[in-house]
Amino acid sequence: MTDVLIVRPYCDSDERSWVVCRVLSFLETGFFDDIRRSKERYEHEAIELVAEIDGEIVGLIDVECESEPGTICEDRPDLGGMIWHLAVHPDRQRRGVATRLLREAELLARDRGLARLEAWTRDDPVTRAWYESRGFRHVQSYLNVFIEFDEGVRDLFPVTADGLRPVRAFAHALGDPEQMRKRFRRVHENVLYELSLV
């Protein structure tokens with residue numbers, strides 16, 4: 001018997017399954033420590049879909065939609081939508097679930113007058129190849145640098161008068177990626193992709 005994949009709108013009763021699916025899907029990626037305990041709520045209108053097989057949430061996509069250009073996505077004259085979350089349970093990956101979610105989100109985005117979708121991801125080769133094979137193009141990138149203070153920056157952050165000593169930091173960098181990787185143990189390229197809908 002073949003599993004039937006249903007793509008449908010997210011509902012509040014899906015929250016725990018949504019969180020579990022997202023956490024498990026991110027474990028083997030550069031976002032392994034981006035843990036959420038609840039589903040994000042959006043300031044603007046959003047396309048929020050889940051993929052379900054036999055009552056189990058196996059995938060999800062959230063796209064926050066602009067009503068005015070430049071309010072969520074890169075500042076351009078047309079409306080965009082930001083893909084904040086796109087995830088597939090590890091046991092269901094490479095079976096077309098993400099593609100089905102994306103295609104349904106594209107249709108709904110066009111119906112809302114969006115001209116493009118944007119998505120940020122890190123330097124995971126499989127994820128980047130997936131976006132590129134679905135027609136997304138690389139727009140820009142910068143580095144995420146996770147700094148442990150034993151990596152030569154402790155003196156920049158002395159102990160405060162009340163005894164507070166920072167032990168790690170998170171930074172964005174535009175410098176040479178290879179130099180950053182030589183200096184710090186955990187560096188990711190954060191990449192913006194864009195898919196034209198027109």
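The values are calculated or read from the model by the stated rules, or taken from the named source; none is laboratory data. Keep in mind that what you see is a predicted model, and the values were worked out from it rather than measured. Glycine also receives a Cβ, built like all others from the backbone with ideal geometry; neighbour counts cover every protein chain displayed.
Details
- Subset of the range 24-43 [under 21 Å from Phe146 (Cα atoms), assigned to a loop (DSSP other than H, G, I, E, B) and not basic (Lys, Arg)]: Leu27, Glu28, Thr29, Gly30, Phe31, Phe32, Asp33, Asp34, Ile35
- Pairs meeting the criteria (first residue in the range 137-154 and more than 17 Å from Arg186 (Cα to Cα), second residue β-branched (Val, Ile, Thr), beta carbons under 8 Å, at least 6 apart or on different chains) are His138/Val191; Gln140/Val191.
- Among the residues making up the range 132-180, those that are loosely packed, with under 14 Cβ neighbours inside 10 Å, over 30 Å from Leu197 (Cβ atoms) and among the basic types (Lys, Arg) are Arg165, Arg168.
- If only residues of the range 62-92 that are over 17 Å from the mean Cα position of the chain (by Cα) and not acidic (Asp, Glu) are counted, the one that is nearest to Phe31 (Cα to Cα) is Arg92.
- Meets criteria (more than 25 Å from Arg186 (Cα to Cα), surrounded by 14 or more Cβ atoms within 10 Å (Cβ to Cβ) and of a type in the set (D, E, K, R)) for Asp123: no
- A single entry from Phe31, Phe26 fulfils the requirement of being hydrophobic (A, V, I, L, M, F, W, C), at pLDDT below 95 and within 16 Å of Arg94 (Cα to Cα): Phe26.
- Exactly one residue among Ala105, Ala109, Ala161, Ala129 is under 21 Å from Tyr10 (Cα atoms), outside any strand (DSSP E or B), free of Cβ contacts under 8 Å to residues at least 60 places away in the same chain and of a type in the set (A, V, I, L, M), and that residue is Ala105.
- Among the candidates Leu60, Leu49, Leu86, residue that is buried (at least 18 other Cβ atoms within 10 Å of the Cβ), in a strand (DSSP E or B) and without any contact (Cβ under 8 Å) to a residue 40 or more places away in the chain: Leu86
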